[in-house]
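The values are calculated or read from the model by the stated rules, or taken from the named source; none is laboratory data. On a predicted model such as this, the values are computed, not experimentally measured, just so you know. Here the Cβ positions follow ideal geometry from the backbone for every residue, glycine too, while neighbour counts run over all protein chains shown. Please note that ligands, DNA and RNA were not included when accessible areas were found on the heavy atoms of the full protein model with its side chains. Shrake-Rupley method; radii C 1.70, N 1.55, O 1.52, S 1.80 Å.
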Amino acid sequence: MSTFAIRPYHPTDLTALYRICLGTGDAGQGAEHLYHDPDLLGHYYAAPYAVLEPDLSFVLTRNGAPCGYVLAARDTAAFGKRCERAWFPPLRARYPLPVAEDASPDAQMIRSIHRGHRQENDFPDFPAHLHIDILPEGQGTGWGRQLIETLTNRLRTVGAPGVYLGVGGRNTRAIGFYEHVGFQRIQEEPWGLILGMTL
């Protein structure tokens, strides 16, 4: 029988966050087959949050082993600027921009690393944003909702009035989940949806 639990992020979880990010990186399914460098997704979507805002990072465990997480930035614009100072410079030195003709998933993620994170607040009612990923072994268990509740309770305590997230349009299961736990559609994008929750 599996025992699930949620606990605050610890620096020793960082490798697991990279693994979970890759293991859910293809519309919620494993993306291991898409990337030559297995760390690229985590460099952008997981690690900077845990390293720079660890108090807004929570890990879902199954029998003590991490199988999911929820990560957030309390102020999207400030987080983007902080990443420019403290996170992306060494990664850009490690990963030069690929040639324009390279359309591989690796090249696309390297371009994202060079673009950086959003440095403006396009959604003033929702200054915080989050990422949540759960491996298949933890999906459909009800713990996704509890991860969201754990984070949103924490965001309230630090004074964030709202939080948003982005989800790919083909990830219909995730869209349904987010709407079920209280997110509302605030903007459509060519790649999917942005959903927000007032706190």
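Listed values, structure above:
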| item | result |
| --- | --- |
| Among residues of region 52-78, those that are without any contact (Cβ under 8 Å) to a residue 40 or more places away in the chain and among the hydrophobic types (A, V, I, L, M, F, W, C), counted | 2 |
| Test: residue in region 83-95 that is in a loop (DSSP other than H, G, I, E, B), touching a helix residue (DSSP H, G or I) at 6+ places or on another chain (Cβ under 9 Å) and of a type in the set (Ser, Thr, Tyr) | yes |
| Any pair with Cβ under 9 angstrom, 6 or more apart, that starts in region 138-159 at a residue that is closer than 17 Å to Phe183 by Cβ and ends at one that is at pLDDT below 95 and open to solvent by 80 Å² or more (accessible area, probe 1.4 Å) | Arg145/His180 |
| When residues of region 116-147 are limited to those that are under 13 Å from the mean Cα position of the chain (by Cα) and open to solvent by 30 Å² or more (accessible area, probe 1.4 Å), the one farthest from Ala78 (Cα to Cα) | Asp133 |
| Failed condition for Ala77, given (1) open to solvent by less than 40 Å² (accessible area, probe 1.4 Å); (2) within 23 Å of Gly28 (Cβ to Cβ) | (2) |
| Positions within region 19-51 being at pLDDT below 95 and either within 10 Å of the chain's Cα centre (by Cα) or open to solvent by 30 Å² or more (accessible area, probe 1.4 Å) (or both), in sequence order | Gly25, Asp26, Ala27, Gln29 |
| Some residue of region 150-168 being more than 16 Å from the chain's Cα centre (by Cα) and open to solvent by less than 30 Å² (accessible area, probe 1.4 Å) | yes |
